[in-house]
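Peer 1: Here it is: the structure, laid out below.
The values are calculated or read from the model by the stated rules, or taken from the named source; none is laboratory data. Because the structure is predicted, anything quoted here is derived from the model rather than measured. Virtual Cβ from ideal backbone geometry, glycine too; neighbours counted across all protein chains shown.
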Amino acid sequence: MLAEQLARVKEMKAGQDWLDYGVIKPIIIGVVGGDGIGPIISQHAHHILAFLLDDEVKSGKVQFNVIEGLTIENRAKVMKAIPDDVLAELKASHVILKGPTTTPKKGDPWPNIESANVAMRKELDLFANVRPVKVPEQGIDWMFFRENTEGAYALGSNGINVTDDLAIDFTVTTAQGAERIIRLAFDYAKKTGINKLTIVTKANVVKTTDGRFLDVAREVAKDYPEVEWDDWYIDIMTAKLVDPKRRTQFRVMALPNLYGDILTDEAAEFQGGVGTAGSANIGKRYGMFEAIHGSAPRMVKEGRLEYADPSSLIRAASMMLNHLGFTDRGKKLEMALDICGNFEQKLVVTGRPTGAKGSELCDYIMETIQDPNLEKRWQDYQPKTKAA
Ligand code: IPM
Ligand code: MG
């Protein structure tokens with residue numbers, strides 16, 4: 001275990017440059033369906049992406065590659081979080097649109113293999129989990145930078161049952177791992193002019209690893225004198241997200257893996273639930289874009305597949321467009337999602353036959369994207385800033 005983590009440190013130290021999508025041709029977008037509601041919602045998101053990138057596909061700049069086989073049945077058969085042939089295809093892509101995958105837990109009919117998400121984040125070194133949450137009418141505008149390859153997740157499947165009575169898990173912070181996520185968050189705060197950043201840890205108790213995360217933040221902050229930063233403990237931070245007076249003051253957050261997992265679910269709830277929030281998993285070589293919710297096996301069991309909400313994955317698709325530099329299309333898709341999902345809501349997906357089908361929402365979004373008045377329609381819903 002230690003050797004593996006030290007090898008990671010060595011690799012991170014060696015560094016690697018960010019890919020320049022401007023010069024890559026074709027950019028290969030892998031599309032992975034996953035389990036449960038995954039295949040159907042990823043079809044919807046793929047459909048919208050293909051429409052928006054039609055010119056690029058025709059010119060050979062972009063190529064889609066649908067990757068089969070990342071299913072719990074297959075993974076259980078080969079006893080791997082990601083089967084080798086699937087991993088090879090993932091690695092042949094530049095970016096990946098990924099439907100949710102089943103994560104087996106104790107007591108499930110599946111063997112206790114590692115989560116495909118967690119494995120993919122580690123395999124492709126997707127160190128930054130970037131999750132925006134916005135509720136303009138409440139003044140909420142948050143951007144979370146969740147560390148994605150370390151913390152309690154690094155060795156999450158390597159805990160030890162020392163005796164029948166003693167179980168031990170491990171958590172990992174490396175100086176390099178902390179630095180790259182914290183730097184990305186500071187860069188973002190600076191580049192956007194937000195110039196405000198909050199580091200979240202439990203460094204008062206988890207002194208060594210969280211303590212290190214905070215120490216690294218202190219060092220990195222010196223390179224960003226224009227960014228005002230503070231640090232909060234995860235418990236009070238979780239509470240303060242519910243405080244309407246305080247929560248609007250948070251803007252950019254950087255935090256270790258597990259705290260980021262929990263806090264972003266809470267945050268997404270203000271915006272309409274995890275079904276509405278997208279998630280970008282970014283590394284220097286690869287990017288993976290996914291919903292922040294799971295595969296919803298209950299919906300499949302109860303025959304509600306076609307009522308599954310594709311919004312979260314479509315939101316992730318807009319983040320992919322921005323990441324690849326197709327920011328005009330990314331912005332359009334974001335505006336259409338805001339209009340259809342938050343403002344106008346001509347139809348609402350509830351996950352049940354009482355609401356609209358995912359395909360109907362998808363059509364509604366497609367129509368909205370093509371509206372020449374899209375931007376004006378979106379602007380009309382923005383809270384008016386009070387005149388001074
Ligand atoms: C998420 C999910 C995953 C995580 C699960 C499915 C392993 O909750 O993307 O937030 O814990 O990271
Ligand atoms: Mg989560």
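Peer 1: Could you tell me which residue of the stretch 287-307 is surrounded by the fewest Cβ atoms within 10 Å (Cβ to Cβ), considering only residues that are assigned to a loop (DSSP other than H, G, I, E, B) and more than 16 Å from ligand 1 (Cβ to nearest atom)?
Peer 2: Among them, the one singled out is Gly303.
Peer 1: So, one more: What's the number of the only condition in (1) more than 26 Å from Ala7 (Cα to Cα); (2) under 23 Å from the mean Cα position of the chain (by Cα); (3) of a type outside the set (Val, Ile, Thr) that Ala185 fails to meet?
Peer 2: (1)
Peer 1: Search the stretch 3-13 for residues being hydrophobic (A, V, I, L, M, F, W, C) and within 14 Å of Glu179 (Cα to Cα), and hand back the single one that is modelled with the highest pLDDT.
Peer 2: Among those residues, the one meeting the criterion is Val9.
Peer 1: Kindly provide the set of residues from the stretch 96-113 that are surrounded by fewer than 23 Cβ atoms within 10 Å (Cβ to Cβ) and away from ligand 2 (no atom under 15 Å from the Cβ), ordered by number.
Peer 2: Selection gives Pro104, Lys106, Gly107, Asp108, Pro109, Trp110, Pro111, Asn112, Ile113.
Peer 1: Given (1) exposed (fewer than 12 other Cβ atoms within 10 Å of the Cβ); (2) farther than 24 Å from Val274 by Cβ, identify the lone condition not met by Val242.
Peer 2: With (1) exposed (fewer than 12 other Cβ atoms within 10 Å of the Cβ); (2) farther than 24 Å from Val274 by Cβ applied to Val242, the lone miss is (2).
Peer 1: Name the residues in the stretch 227-258 that are within 16 Å of ligand 2 (Cβ to nearest atom) and either closer than 19 Å to His293 by Cβ or in a strand (DSSP E or B) (or both), would you?
Peer 2: If the condition is that a residue be within 16 Å of ligand 2 (Cβ to nearest atom) and either closer than 19 Å to His293 by Cβ or in a strand (DSSP E or B) (or both), then Leu241, Met253, Leu255, Asn257, Leu258 are the ones that fit.
Peer 1: So which residues in the stretch 99-144 are free of Cβ contacts under 8 Å to residues at least 60 places away in the same chain and farther than 26 Å from Glu89 by Cα?
Peer 2: Residues satisfying the conditions are Lys105, Lys106, Gly107, Asp108, Pro109.
Peer 1: If I go through the stretch 196-205 residue by residue, how many of them are surrounded by 19 or more Cβ atoms within 10 Å (Cβ to Cβ) and free of Cβ contacts under 8 Å to residues at least 60 places away in the same chain?
Peer 2: 6
Peer 1: Quick one: Pro383 ticks every box in (1) loosely packed, with under 11 Cβ neighbours inside 10 Å; (2) in contact with a Phe, Trp or Tyr (Cβ under 9 Å, 6 or more places away or on another chain) bar one, so which box is it?
Peer 2: (2)
Peer 1: Tally the residues that are outside any helix (DSSP H, G or I) and buried (at least 17 other Cβ atoms within 10 Å of the Cβ), restricting the search to the stretch 208-226.
Peer 2: 1
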